[in-house]
Amino acid sequence: MLEIQPFDFSRWPIAVSDLPLDTYLVGGAVRDALLGRTTLYPDLDFIVPNQSLELAATLAQRYQAGFVVLDRQRQIGRVVFSNMTVDIAQQQGDTLLTDLHDRDFRLNAIAYDIHRHHIVDPLGGLLDLQQRQIHYVSPDNLAADPLRLVRAYRQAAQLQFTITSDTRRVIQTLAPRLRTVAPERVRVELSYLLSTVESAASVTLAFRDGVLGVWLPSVTEESMTHYHALETTLANFPFPALWPSLTTSIATTAAPGEPQRRTLAALAKLTCLVHPDPQQAETQLFALTYTANEIKVVKVLCRLLQDWLIPLQQPLNREQSFYLFRAARNFFPAFVALALSRTIPKAHLIPLVRAWLDPTNTVAHPPQLVRGADLVQQFQLRQGPEIGRILQAIEAAQARGEIGDRASALAFVDRLLRQPAKPK
């Protein structure tokens, strides 16, 4: 049985006394507290009797936090702190019970009276927590906001819960309605799902229940095989020195209240779900409002999978390694994870990883020896296609190890220009 005790308010960014009588904590914070679960980016959702937007604005000013109106019609405001969000919603129905009956799943329809310290559980959410399952409140509630369909799989992954068969049948029926949901909302839920450490089982169910295919129509059973293999690889990743690069956020900005969860590991997972062609992958991710940087990462990973899985069946020579690093750029750790998951031998990757980790390695981190402006100044060349061809020749010579500094590069160009022109 779950122990129901007064909640620990010590981590809250606001004081309980800031909130009026008849304020209820609802949703994930209640569920997680009952499960004894802590999260990196906790969210607090409150229902207050009235004046919710005014209260949220006042709290934001008092604590010098951000303030966002999430839904003016339903009077929902968000107070944004550095590592936590506080959502304050106005009670919609005549009673709290009416509002709880409008929620998505029974385990999210549990309320906690923060002043009187008691639980309100009209729909059996506590039993679902004990049975580690996710069950809808009503089909109509899911149909009212189809994003809740994706949320079922995200929460199943985060909690390692089972979605009941009845709930899956309803989701399968409603899945086409996901096309009506704003793409940025779908993208946020999908990002949460892919950022979960053990998401493969839930992602596979989402695919088989028709949820993923609405926005990612290229997903196949083979995609799921690759996804499972990648998650297994990440769970047993053999190159710990690359791990920080895989798990550190690459985002510089995020929407208010949206944690910066965009990591190379999550984008590598996303690469398994998009079309393998980089341009078609770009089209799909653009439709889902992924950022230009996220799309660039996935496109690079798609291209690397196309171009390098066959060569990597054998150890790469210096020139091949040079061009692999040039193509992979800073996304090399994600490609290593993907390559391992596609059965590339670890022994073929070890020298590449060592080179990438060595900032002085000129194969992995080749300096730009000569620029186009240098050629114009040094050899009185005109800007044009010839400059590009010479720079490519320099790079190829650098890849082969024939040149390694500016002086040798300029000497190489001098010899190249002195060669007689080939007859046409």
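The values are calculated or read from the model by the stated rules, or taken from the named source; none is laboratory data. Predicted model, so just to flag it, every value in this text is computed and none were measured. Here the Cβ is made from the backbone with ideal geometry for all residues, glycine too, and neighbour counts use every protein chain on show. We work out accessible area using only protein heavy atoms, side chains counted, and drop any ligands, DNA or RNA first. Shrake-Rupley method; radii C 1.70, N 1.55, O 1.52, S 1.80 Å.
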Quiz item: Rolling a 1.4 angstrom probe over the protein heavy atoms, how many square angstrom per residue are accessible across the stretch 143-221?
Solution: 39
Self-check item: Under-5 Å amide H pairs with ILE110, H placed in peptide plane, nonlocal only
Solution: GLY27
Quiz prompt | Estimated FRET transfer efficiency (HIS365, ASN293; beta-carbon r; R0 25 Å; 0.05) | solution = 0.75
Quiz item: Where Rh denotes the Kirkwood radius from the mean inverse Cα pair distance, what is Rg over Rh for the stretch 193-306?
Solution: 0.94
Self-check item: Accessible surface, 1.4 Å probe, highest first, among residues PHE207, PHE286
Solution: PHE286, PHE207
Practice problem: Report the antiparallel proportion of the DSSP beta bridges in the chain as a percent, rounded to a multiple of 5. | Solution: 70
Quiz item: For the stretch 141-222, which GluC sites (Glu not before Pro) are both in a DSSP coil and crowded by at most 14 other Cβ atoms within 10 Å?
Solution: GLU198
Quiz prompt | Against the rule of thumb 2.2 N^0.38 Å, how large the Cα Rg of the stretch 33-180 comes out | solution = 1.10
Practice problem: Specify the angular offset, from 0 to 90 degrees and rounded to the nearest 10, of the alpha carbon long axis of helix 292-308 from the longest principal axis of the alpha carbons in the chain. | Solution: 50
Quiz item: How far is helix 318-328 tilted, in degrees, relative to the longest principal axis of the Cα atoms in the chain, given as a value from 0 to 90 rounded to the nearest 10?
Solution: 40
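Would you work out the relative contact order for the stretch 340-424, in percent, from Cα pairs under 8 angstrom that are 6 or more residues apart?
Relative contact order for the stretch 340-424 comes out at 20 percent.
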Quiz item: How far is helix 385-400 tilted, in degrees, relative to the longest principal axis of the Cα atoms in the chain, given as a value from 0 to 90 rounded to the nearest 10?
Solution: 90
Quiz prompt | Unit Cα scatterers, Debye sum, the chain: log10 I(q)/I(0) for q = 0.09, 0.11, 0.13 Å⁻¹ | solution = -0.69, -0.91, -1.13
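Explain nothing, just the number: relative contact order of the chain, from Cα pairs under 8 Å at least 6 residues apart, as a whole percent.
Across the chain, relative contact order equals 9 percent.
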Self-check item: Neighbourhood charge, 14 Å Cβ-Cβ cut-off, centred on TRP308 and excluding it, Lys, Arg +1 and Asp, Glu -1
Solution: +2
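Based on the alpha-carbon gyration tensor of the stretch 227-360 and its eigenvalue square roots a ≥ b ≥ c, which shape applies: rounded if a/c is under 1.5, prolate if not and a/b is larger than b/c, or oblate? Each step should come with its number before you reach the end.
Numbers: a/c = 1.74, a/b = 1.47, b/c = 1.18.
Taking the square roots of the gyration eigenvalues as a ≥ b ≥ c, the stretch 227-360 is prolate.
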Self-check item: Relative contact order computed over the stretch 285-392 (Cα-Cα under 8 Å; 6+ residues apart), in percent
Solution: 22
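Rounded if a/c is under 1.5, else prolate if a/b beats b/c, else oblate: with a ≥ b ≥ c from the C-alpha gyration tensor eigenvalues square-rooted, which is the stretch 260-331?
prolate
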Quiz prompt | Expected 222 nm ellipticity per residue - DSSP helices of 4 or more, -39500 (n - 2.57), all of the chain, to 500 | solution = -14500 deg cm²/dmol
Quiz prompt | Rough spin-label spacing in nm, given labels placed 7 Å along Cα→Cβ, for ARG406 and ALA201 | solution = 5.9
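Working from the pairwise distances between different alpha carbons, so that the mean of 1/r is found and then inverted, what is the stretch 301-424's Kirkwood radius in Å? Could you put the intermediate results ahead of the total?
Values: mean 1/r = 0.0621 Å⁻¹.
This gives a value of 16.1 Å.
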Quiz item: How much FRET efficiency would the formula 1/(1 + (r/R0)^6) give for LYS346 and GLU386, where r is the Cβ-Cβ distance and R0 is 30 Å, rounded to 0.05?
Solution: 0.10
Quiz item: Got a sec? Charge dipole of the chain, +1 on Cβ for Lys and Arg, -1 for Asp and Glu; which of SER218, LEU126, ALA397 is way out at the positive end?
Solution: ALA397
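Just to verify a number: FRET efficiency for THR180 and GLN313, C-beta to C-beta distance, R0 = 45 Å, to 0.05?
About 0.50, to the nearest 0.05.
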Quiz item: Using 0.36 nm per residue, how much length does the chain from THR283 to SER17 gain when fully extended, once their Cα-Cα distance is taken away?
Solution: 90.8 nm
